[in-house]
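Trainee: Supplied in structure tokens, the structure appears directly below.
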Amino acid sequence: MGAVEREIKLRTPGPEAARDAMARLGARLVRARHLEDNVLLDDAAGRLRLGGTLLRLRRTPDGGRLTFKGPRLDSGDVKVREEIEVAIAEPDVLEAILAALGLRRIFRYQKYRETYSWKDVEIVIDETPVGVFLEIEGPTEGIHAAAAALGYGTADYITDSYAGLFFASGGRGDMVF
């Protein structure tokens, strides 16, 4: 089994408001703003999606990452799921191999991401075509503490994926800039 990921999203008015909140919190910038281009892959029968899992190939200026996420394990305020991830030097080659194995692109989404560290959590600012979000990942107690320190309560927590948010807002096709 891989690591267990715990996370929430919080809607924020914009990137400047989010950066101001990070400064007030005393969060430390870990990675500067960069574009992430993500594709979700599945077979023709949609077996991954039907099983509540996903396979994501992420491209960044530094290379890529292949991530498997298992079905949701939670029933509470925080999204919890197994996550297995590996760095990929050549994401285009890996995508060609996966395609040869029958996995095809089912959704593409982009975001600009900035990564911060605060106490025992990672907080990212994600600028997406459907809005700007703070995503907090780490131990459940740390997530609640960070959200509270930022002025948010559990009623503000979003546990849906960016794909889910995109389609819920009426989006069609891919979520790209």
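Trainee: Once a ≥ b ≥ c are taken as the square roots of the eigenvalues of the Cα gyration tensor of the stretch 1-95, is the result rounded (a/c under 1.5), prolate (a/b larger than b/c) or oblate (a/b not larger than b/c)? Kindly include the intermediate steps, with their values, before the conclusion.
Mentor: Numbers: a/c = 2.22, a/b = 1.36, b/c = 1.63.
Oblate shape, in that a/c is at least 1.5 and b/c is the bigger or equal ratio.
Trainee: For the stretch 107-177, what does the accessible surface come to per residue with a 1.4 Å probe? Please give it in Å². Write out the running numbers ahead of the final one.
Mentor: Working: 3000 Å² over 71 residues.
Accessible area per residue, the stretch 107-177: 42 Å².
Trainee: Pairs of alpha-carbon atoms within less than 8 angstrom and 6+ residues apart define the contacts here; what relative contact order does the chain have, in percent? Present the calculation step by step, with values, prior to reporting the outcome.
Mentor: Values: 362 pairs, mean separation 53.1, N = 177.
Relative contact order, the chain: 30 percent.
Trainee: Which of THR67, THR140, GLY46 sits closest to the plus end of the dipole of the chain, meaning its Cα is farthest towards the positive end, when Lys and Arg get +1 and Asp and Glu get -1 on the C-beta?
Mentor: Farthest towards the positive end: GLY46.
Trainee: Modelling each spin label as a point 7 Å along the Cα-to-Cβ direction, I'd like the ILE84/ASP160 distance in nm, to one decimal.
Mentor: If labels sit at ILE84 and ASP160, their model points lie 3.0 nm apart.
Trainee: Here's another thing I want to ask about it. What residue among ARG24, ARG56, ARG81 shows peak mean-square fluctuation when the chain is described by a Gaussian network model with Cα springs under 10 Å?
Mentor: The residue with the greatest mean-square fluctuation here is ARG24.
Trainee: Starting at the first residue of the stretch 47-56, write each ³J(HN,Hα) from the Karplus equation 6.51 cos²θ - 1.76 cosθ + 1.60 with θ = phi - 60°, in whole Hz, x for Gly and Pro.
Mentor: Once rounded to whole Hz, the list reads 4, 5, 4, 4, x, x, 10, 8, 10, 10.
Trainee: Rounded to a whole number, what % of the accessible area of the chain do carbon and sulfur atoms account for, probe 1.4 Å? Display every interim value, and only then the final one.
Mentor: On the way: 4720 of 8870 Å².
The C+S portion of the solvent-accessible surface of the chain is 53 percent.
Trainee: Looking only at GLY70, GLY102, GLY142, which one moves most when the chain is put into a Gaussian network model with springs between Cα atoms under 10 Å?
Mentor: Of GLY70, GLY102, GLY142, the Gaussian network model singles out GLY102 as fluctuating most.
Trainee: Give the angle, between 0 and 90 degrees and rounded to the nearest 10, that separates the Cα long axis of helix 15-25 from the longest principal axis of the Cα atoms of the chain.
Mentor: 50 degrees
Trainee: Taking only Cα atoms and a 10 Å spring cutoff, compute GNM fluctuations for the chain and point out the largest among ILE106, ILE84, ILE97.
Mentor: Top of the fluctuation ranking is ILE97.
Trainee: Size of the dipole of the chain about the Cα centre, Lys and Arg at +1 and Asp and Glu at -1 on the beta carbon, nothing else charged, in debye to 20? Before the final figure, lay out the partial values.
Mentor: On the way: 25 positive and 28 negative charges, 55 e Å.
The dipole magnitude comes to about 260 debye.
Trainee: Which order do the peptides 41-47, 116-122 come out in when sorted by mean C-beta neighbours inside 10 angstrom, highest first?
Mentor: My ranking of the peptides, most packed first, is 116-122, 41-47.
The values are calculated or read from the model by the stated rules, or taken from the named source; none is laboratory data. Everything numeric here is computed off the predicted structure, so don't read it as measured data. So basically every Cβ, Gly included, is an ideal-geometry build from the backbone, and we count neighbours across all protein chains shown. Keep in mind that these areas ignore ligands, DNA and RNA; they rest on the heavy atoms of the full protein, side chains included. Shrake-Rupley method; radii C 1.70, N 1.55, O 1.52, S 1.80 Å.
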